[in-house]
Amino acid sequence: MVVNPKYKQVFVLSTAMLSFISFWKASAIVLCDFGSSAFYSGGIAMRAFGPAFPWFILGVMLFSGVMLGVYTESCIMFTRGGLYIVVREAMGKVMAKLSVSALLLDYTLTGPISSVAAGLYLGGLFDNILPLLHINWQVPSRAFAVIFALAVTGYFWRENIKGVEESADNNLKIVSFVAVVAVILIVWSGFTLYHRGFTLPPFTPVFTDEALGWTVHFPWLKAVGLVGIMMAFGHSVLALSGLETLAQVYREIEDPKIENLKKTVVIIFIFSILFTGLLTFISALIIPSDLIAGKYAENLLSGLALELHGPYWARLFMQMAVVLSGVLMLVGAVNTSFVGANGVLNRVADDGILHDWFRHLHKKYGTTHRLVNIIAITQILIILISRGDIYLLGQAYAFGVMWSLTFDTLSMIILRFKKRDEEREWMFPINIKAGNVYVPVGLFAILLVLLTATGLNMLTKKIATIGGVLFTTTFFTIFHISEKMNEKKAQLYAEDDESDEKMNLRREADISSVLPELTKDRCILVPVRNPNNLVHLASVLETVEDENTNIIVLSAKITSGIQIGGGEAMSDEDKDVFSAVVLLAEKYGKTVKPIFVFSNNPFYSMAQVAQAAGADEIVMGVSGSTGAEVQMERLAMAWGMLKKPDAPAKHVLARVVWEGRQMTYQLS
């Protein structure tokens, strides 16, 4: 951008990448995935080891608080993190590829198990309603569930091809509705228990031969005592699915980021205890065991509604509310599976372990449609192969869940020693300080539990283990081959016309096109050039109020002879600056407006953008080549030359900030 208006050209990074959400909305996004297991985990556990299942589902929900603590520490360490980043930093790319392959099984199975469960709940409701309407229409529940699951998968395949992602507002509405239904169900259940009385379920698990898997060939490995408890824990642990979503959503949590993360974790934990844990336990108190094992094996909470004390019409309406809430949450989890799997695959692609072919952008929608197609095809195959067997899906689901949690916990232990000098604003409790290392005794204990449960899971789940190993090995092989192919290229990604699209950039002819987007009361301009020198931006992000301040981050590239339509494009170095800005904004949970311009004088660009936007403050980083005083002089000269005589008087504070110091000047 230069003084002559005809030379103006602006690149704007879409603010959609930099919008932040409250801890309530963040909790809702996680719970739409994590909480959905309440609708099927109890029935699966009952089929595996009998009437003792509510104790273990409740125990798993208590254990979720422990795993939420592990994820809290990892999220704080890596703002844009997740399992792949954590494992890569701890154990390198090979183990990271292996861990993310197991994680993909988790995400991929989320869709089939959620859509099938929703279909089973709907089928159970139709079985009760249709006869009342004199409609003689009977479809086997599993066949109906498969058809419904295929339709839902097809719908979200199309939506994700178009680029329609999760809405935090919609998730919050769904979770709020589910919470209201859950409260009514808990209160009504309390009345029922008071009226009928109850007997606590047995604690000792009684395993079926199917649930014992290969352990039946090892008589010495008896499913009693501590071994039996760990086996039952392994059959219940699928209720923990969805925790990885917390790592994905952390980058979007607003300021104060860490405090809001802690609030998010507390909300998730309380909701999971009351919703999944308590309702599953209450179901075992109210519904006879033979009905849980038979009629309500695949729609437990629907059965709870029908077995409450009261008139049939009222119980039927309660079942309708439960099914509606369940379908909304479960169908939402299907979309989460697409968004999560696609996000994880794009994350590993950024690290060069997925070939460019997979990242090809859709010509119309600009989405990574080939990745979405692969996810959809895989989910459809799983639905068809399982034939709507929720138990089989649950067993396979547990494989991905357990390995993901194990890899994450092991990595956090290694990072305690590998990054011993890195300050942590929160650590998982029970640590012994030895020198400058906090030995993670608590994490070691959690890892021991996870390794034991994971090992027993692999021994007790034949089909799930075989399928999980094949799935994980397949994706690991794809990653490995892709990485080798990428290493042969001169550049990791070919430079083409799609590069700007991947950065969510748009061109504008003039800064005036951007001004209507600046709707807050105050405005601060922060010029940046070096991705390694963003101290001044960090100081702004630490102190400003996001609600009332627009933060324009301006990057100006020095060039000459710019002509309209001259084909100027951002270089990789320029994009590195934007990437660093995005990461820093995510770290502090503040919204910024990154703008890139070409200029023959960066100080003219600063002054012109600041005057056009009505900036109240300009905050620069110190230049090692000129120094703060020269920077301030050049900005003041440009400011005076560009200011219009008839412009209203306004004092603008200019600051140059560096480590521990700053220089200020009043522009007028």
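Points worth noting:
- You can think of it this way: the chain between Ser167 and Trp426 has 90.3 nm of extra reach, that is 0.36 nm per residue less the Cα-Cα gap.
- Point-charge dipole on Cβ atoms (K/R +1, D/E -1) for region 71-135, about Cα centre, debye to 20: 340
- Region 255-314 - charge dipole about Cα centre, Lys and Arg +1 at Cβ, Asp and Glu -1, debye rounded to 20: 200
- By the rule of a C-alpha distance below 23 Å, with chain neighbours fewer than 8 residues away ignored, the lysines paired with Lys222 are Lys461, Lys462.
- When only Cα pairs below 8 angstrom with a gap of at least 6 residues are kept, region 363-444 shows a relative contact order of 19 percent.
- Relative contact order of the chain, pairs being alpha-carbon contacts under 8 Å that are 6 or more residues apart, as %: 25
- Degrees, to the nearest 10: 462-487 long Cα axis against longest axis of the chain: 20
- Gain upon complete extension [Val183, Thr543; 0.36 nm per residue less C-alpha separation]: 125.6 nm
- Where chymotrypsin sites (Phe, Trp or Tyr not before Pro) fall in DSSP loop in region 217-272, at most 11 other Cβ within 10 Å: Trp220
- For Asn532 and Ala434, the FRET efficiency from 1/(1 + (r/R0)^6), where r spans their Cβ atoms and R0 equals 45 Å, is about 0.85.
- Of the residues Asn170, His235, Ile558, the one whose Cα sits farthest towards the positive end of the charge dipole of the chain is His235 (charges of +1 on Lys and Arg Cβ, -1 on Asp and Glu Cβ, taken about the Cα centre).
- Förster radius 56 Å - calculated FRET efficiency between Phe191 and Asn373 (Cβ-Cβ, nearest 0.05): 0.65
- Contact order normalised by residue count of region 510-667, Cα under 8 Å, 6+ apart, percent: 28
- Selection among Phe34, Pro648, Ala118 by position relative to the dipole of the chain gives Ala118 as farthest towards the positive end (Cβ unit charges, Cα centre).
- Centroid-to-centroid separation of region 389-465 and region 20-79 [C-alpha atoms, Å]: 15
- Exposure proxy ranking, count of Cβ atoms within 10 Å, fewest first, for Ser36, Ser513: Ser513, Ser36
- Dipole magnitude for the chain: computed about the Cα centre from +1 point charges on Lys and Arg Cβ and -1 point charges on Asp and Glu Cβ, it is near 620 debye.
- When the Cα positions of Ala613, Trp658, Ser579 are compared along the charge dipole of the chain, Ser579 comes out farthest toward the positive end, with charges on each C-beta of Lys, Arg, Asp and Glu.
- Degrees separating the helix 390-418 axis from the principal Cα axis of the chain, which is the longest one: 50
- Listed from fewest to most Cβ neighbours within 10 Å, the set Lys222, Lys263 follows the order Lys222, Lys263.
- Gain on full extension, evaluated as 0.36 nm per residue between Thr477 and Trp137 minus their Cα-Cα distance, stands at 117.7 nm.
- FRET efficiency, 1/(1 + (r/R0)^6) with R0 41 Å, evaluated for Leu384 and His309 via beta carbons: 0.50
- Lys418-Leu274 pseudo-label distance in nm [points 7 Å out on the Cα-to-Cβ vector]: 3.9
- Cα centroid separation, region 161-222 to region 600-668 (Å): 60
- Using the rule -39500 (n - 2.57) for each DSSP H run of four or more residues, divided by the residues of the chain, the 222 nm mean residue ellipticity is -19500 deg cm²/dmol.
- Separation of alpha-carbon centers, region 517-541 and region 274-352, rounded to whole Å: 45
Coordinate-derived values only; no laboratory data. Just so it is clear, the structure is predicted and the values come from calculations on it, not from any experiment. Note that each Cβ is placed from the backbone with ideal geometry, even for glycine, and that neighbours are counted across all protein chains shown.
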